[in-house]
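Here the structure comes first, spelled out in structure tokens, and everything after it is commentary.
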Amino acid sequence: MRVSRNSAIPLYYQIERDLLELIEKGNWKAGEMVPTEKELQETYQVSRTTVRQALNSLVQKGLLIRIPGRGTFVAKNKISHNIGTITSFTEEMLARGIKPGTKILQFERIVPPKLVANDLEISEDNRVILLKRLRFADGEPVAINETYLPEDLIPGFSEDEIGDGSLYRFLEDKYGLIFRETRETVDAILITEEESDLLQVPEGSPGLLVGRISYIQTGRAIERAYTIYRGDKFTYHARLVGRDQGIGIESSSIN
């Protein structure tokens, strides 16, 4: 664990690569606390600013996570989501051997915001059901989901019917609504104070904001959703095809 001051490579980046190698080789395992800034400063014989810059870079890349009052830890393996199929959060977690969980934060019938009404292609006078949920993986909060559903498509829909199961499966079974297409956007964000309290990560941690519009078999928009995922827990994978097969976009959803 040494750095070269004669190298053209910045000191912080040399340290970052060295720490990354320790993580990749398993010297530091997922969930394990890494040495403090002071300890690393003494090990590498550099300034604390240099050490902090190296750690910050690994935090931003989702390889390390800071927990206020406790220290810096190696991030646990991320939950990988492959773009190309419409899969519920519950189904995706179960397929990976992870126990899913849900806490309903908000359920009410409202007049939709203008942008939501436009995306759902309904009048602003039409009411929608707003469902806000905190999603868990093996008991750990990993995502905040906010979903808007046109009320006229799901008459009698109540909060008690949802539980921890898949919303998509419920809508299919009770209302015969088959999800045929989902369009998604993914943006990098920083977790706000309110979100950090729910997700149990420091404010300013990296996150993913996934916007989603889903359509049923009739072509009608059934869902406008926004989901905030912890950046240290989720990663998106896309499969691209050759140019000779035409240009297209594959999209899917986690719900």
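A few notes on this one:
- Only one of the numbered conditions (1) basic (Lys, Arg); (2) surrounded by 15 or more Cβ atoms within 10 Å (Cβ to Cβ); (3) modelled with pLDDT of 75 or more is violated by Lys78, and that is (3).
- Qualifying residue in the range 206-214 (condition: modelled with pLDDT under 85, among the β-branched types (Val, Ile, Thr) and within 22 Å of the chain's Cα centre (by Cα)): no
- Residues of the range 191-206 satisfying the condition of being touching a helix residue (DSSP H, G or I) at 6+ places or on another chain (Cβ under 9 Å), in a loop (DSSP other than H, G, I, E, B) and over 22 Å from Leu130 (Cβ atoms): Val201, Pro202, Glu203, Gly204, Ser205
- Among residues of the range 187-200, those that are surrounded by 14 or more Cβ atoms within 10 Å (Cβ to Cβ) and closer than 17 Å to Ala225 by Cα, counted: 2
- Subset of the range 123-139 that is surrounded by 15 or more Cβ atoms within 10 Å (Cβ to Cβ) and within 18 Å of the chain's Cα centre (by Cα) - its residue that is farthest from Pro202 (Cα to Cα): Leu131
- Total residues in the range 137-190 satisfying the condition of being assigned to a helix (DSSP H, G or I) and free of Cβ contacts under 8 Å to residues at least 60 places away in the same chain: the figure is 11.
- Residues in the range 169-197 that are under 29 Å from Gly156 (Cβ atoms) and of a type outside the set (D, E, K, R): Phe170, Leu171, Tyr175, Gly176, Leu177, Ile178, Phe179, Thr182.
- Residues of the range 96-127 classified as at pLDDT 90 or above and either part of a loop (DSSP other than H, G, I, E, B) or of a type in the set (A, V, I, L, M) (or both), total: 15
- From Leu134, Leu130, residue being part of a strand (DSSP E or B), in contact with a Phe, Trp or Tyr (Cβ under 7 Å, 6 or more places away or on another chain) and not charged (D, E, K, R): Leu130
- Matching residues, the range 109-168, being of a type in the set (Val, Ile, Thr), touching a Pro at 6+ places or on another chain (Cβ under 9 Å) and more than 28 Å from Arg230 (Cα to Cα): Ile122
The values are calculated or read from the model by the stated rules, or taken from the named source; none is laboratory data. Fair warning: this is a prediction, and the values are worked out from it, not measured in the lab. Every residue, glycine among them, receives a Cβ derived from its backbone with ideal geometry; neighbour counts consider all protein chains shown.
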